[in-house]
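The values are calculated or read from the model by the stated rules, or taken from the named source; none is laboratory data. These numbers were taken from a predicted model, which means no experiment stands behind them. Virtual Cβ from ideal backbone geometry, glycine too; neighbours counted across all protein chains shown.
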Amino acid sequence: NAGVTQTPKFQVLKTGQSMTLQCAQDMNHEYMSWYRQDPGMGLRLIHYSVGAGITDQGEVPNGYNVSRSTTEDFPLRLLSAAPSQTSVYFCASSYSGSKIDTQYFGPGTRLTVL
Amino acid sequence: DAKTTQPPSMDCAEGRAANLPCNHSTISGNEYVYWYRQIHSQGPQYIIHGLKNNETNEMASLIITEDRKSSTLILPHATLRDTAVYYCIVRVPGIYGGSQGNLIFGKGTKLSVKP
C-alpha cells in the first residue's frame with residue numbers, strides 16, 4: 001500500500017491564483033481530513049469527510065473548498081489564494097470501523113502564496 | 001482549544017527512558033487518550049492510545065492515572081530518531097466532528113534526545 005499520498009510536495013502561488021491540492025489513499029478508509037500547520041503551531045483542521053459525498057467544516061474552513069466524489073480522493077481547493085494561506089498542508093485518513101481509529105498522515109504539501 | 005496541557009520542551013539522554021507528561025483534567029468518560037508524534041517536516045505518526053488501563057506496544061508505553069486526569073508516555077530507550085514533537089490528544093474513536101471526534105492538536109512537547 002502507498003498509504004496517504006499528497007501532490008504536489010511544494011507549490012508557489014501568486015495572490016488571487018487558484019489551485020487544488022491532491023490527496024489520495026489506497027486503504028479504503030472512510031474518513032479523510034485536511035489540516036494546515038503554521039510555524040510553531042500544532043495542526044488545525046480545515047475540512048473533513050466521513051465518506052463519499054459527505055463533507056463538513058473543521059476549525060479553519062474559510063478560503064478552502066472540498067469535495068469527496070470517491071472513497072480514495074479528497075482534494076482541497078483554494079479558489080483565490082491569499083498570503084495568509086501560506087502553510088504546510090497535511091491530509092489524513094482513517095478506518096472508522098476500528099476501535100483503534102488510527103489516523104494516517106500524508107507527507108505534506110508546502111504552499112507559499114506571494 | 002486543545003483539551004490537553006503539555007510542557008513545551010524536554011531533553012533526554014540517548015538510551016535513557018523519556019517520560020512525557022500530559023494533563024487532561026476535563027476528559028470525559030468516553031474519551032480516549034491518543035499520542036502522536038511529528039518528526040521534523042513529516043506528517044504526524046500514531047504512537048499509542050488508551051482509555052483507562054496502561055497500554056504498551058512496540059513503540060511506547062502509556063500510563064494513565066486512576067482518575068484519568070493525566071497520563072505519561074514512556075519511550076523506554078530513547079534514540080536520536082525519537083527527537084520529535086509529541087502530541088497528546090483526547091477524543092472518542094469512531095466519532096467524527098466536533099470537539100469529541102476530531103483530532104485537536106495543541107503545541108505538543110518538543111523532545112530532544114541528546115547523545
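Give me the residue from region A:40-70 that is among the hydrophobic types (A, V, I, L, M, F, W, C) and part of a strand (DSSP E or B) and, out of that set, nearest to A:TYR95 (Cα to Cα). Give the steps one after another, and end with the answer.
Start the filter on region A:40-70 by keeping residues that are among the hydrophobic types (A, V, I, L, M, F, W, C), which leaves A:41, A:43, A:45-46, A:50, A:52, A:54, A:60, A:66.
Now narrow it down to the ones that are part of a strand (DSSP E or B): A:43, A:45-46, A:50, A:54, A:66.
Working: A:LEU43: 20, A:LEU45: 18, A:ILE46: 19, A:VAL50: 10, A:ILE54: 15, A:VAL66: 20 Å.
Top of the filtered list is A:VAL50.
Restricting attention to strands (runs of 3 or more DSSP E) lying wholly within region B:70-115, give those where 1 or more residues are facing another protein chain (nearest Cβ under 9 Å). Don't jump to the end; show me each part of the working.
On the way: elements: B:70-75, B:84-91, B:109-114.
Answer list for region B:70-115: B:84-91.
Quick check on my filter: what residues within region B:31-56 are among the charged types (D, E, K, R) and more than 17 Å from B:ASN102 (Cα to Cα)? Write out each step before concluding.
Just the residues of region B:31-56 that are among the charged types (D, E, K, R), to begin with: B:31, B:37, B:52, B:55.
B:LYS52, B:GLU55, listed by residue number.
When you go through (1) in a strand (DSSP E or B); (2) modelled with pLDDT of 95 or more; (3) under 27 Å from B:ARG37 (Cβ atoms) one by one for A:PRO107, which number turns out not to apply?
(1)
Every residue in region A:71-99 that is part of a loop (DSSP other than H, G, I, E, B), among the small types (Gly, Ala, Ser) and modelled with pLDDT under 95, please. First the steps, then the outcome.
Of all residues in region A:71-99, those part of a loop (DSSP other than H, G, I, E, B) come to A:71-72, A:74-75, A:79-82, A:86, A:95-99.
Then keep just the ones that are among the small types (Gly, Ala, Ser); that gives A:80-82, A:96-98.
If the condition is that a residue be part of a loop (DSSP other than H, G, I, E, B), among the small types (Gly, Ala, Ser) and modelled with pLDDT under 95, then A:SER96, A:GLY97, A:SER98 are the ones that fit.
Residues in region B:41-57: is at least one of a type in the set (Val, Ile, Thr) and exposed (fewer than 14 other Cβ atoms within 10 Å of the Cβ)? Write out each step before concluding.
Filtering region B:41-57 down to residues of a type in the set (Val, Ile, Thr) leaves B:47-48, B:56.
Subset that is exposed (fewer than 14 other Cβ atoms within 10 Å of the Cβ): B:56.
Yes.
So which residues in region A:18-39 are among the charged types (D, E, K, R) and assigned to a strand (DSSP E or B)?
Taking region A:18-39 first, the residues among the charged types (D, E, K, R) are A:26, A:30, A:36, A:38.
Scanning region A:18-39 gives a single hit, A:ARG36.
I'd like the residue in region A:8-17 that is exposed (fewer than 14 other Cβ atoms within 10 Å of the Cβ) and not in a loop (DSSP other than H, G, I, E, B) and, out of all such residues, is nearest to the chain's Cα centre (by Cα). Break it down into steps so the answer makes sense when it comes.
So in region A:8-17, the residues exposed (fewer than 14 other Cβ atoms within 10 Å of the Cβ) come out as A:8-10, A:12, A:14-16.
Next cut, not in a loop (DSSP other than H, G, I, E, B) only: A:10, A:12.
Numbers: A:PHE10: 14, A:VAL12: 17 Å.
Residue satisfying both the conditions and the ranking: A:PHE10.
Since B:GLU66 meets every condition but one in (1) touching a strand residue (DSSP E or B) at 6+ places or on another chain (Cβ under 9 Å); (2) in a loop (DSSP other than H, G, I, E, B), which condition does it not meet?
The single condition B:GLU66 does not satisfy is (1).
Inspect region A:36-48 for any residue being touching a strand residue (DSSP E or B) at 6+ places or on another chain (Cβ under 7 Å), farther than 30 Å from B:LYS3 by Cα and hydrophobic (A, V, I, L, M, F, W, C) and give the result as yes or no.
Restricting attention to region A:36-48, the residues satisfying the condition of being touching a strand residue (DSSP E or B) at 6+ places or on another chain (Cβ under 7 Å) are A:36-38, A:42-48.
When the remaining residues are screened for being farther than 30 Å from B:LYS3 by Cα, the result is none.
No: zero hits.
State the number of residues belonging to region A:50-80 that are under 14 Å from the mean Cα position of the chain (by Cα) and in contact (Cβ under 8 Å) with a residue 60 or more places away in the chain.
1
Those residues that are small (Gly, Ala, Ser) and more than 10 Å from chain B (Cβ to nearest Cβ), I need them from region A:22-50; list them, please. Working first, answer last.
The initial filter retains those residues of region A:22-50 that are small (Gly, Ala, Ser), namely A:24, A:33, A:40, A:42, A:49.
Correct list: A:ALA24 only.
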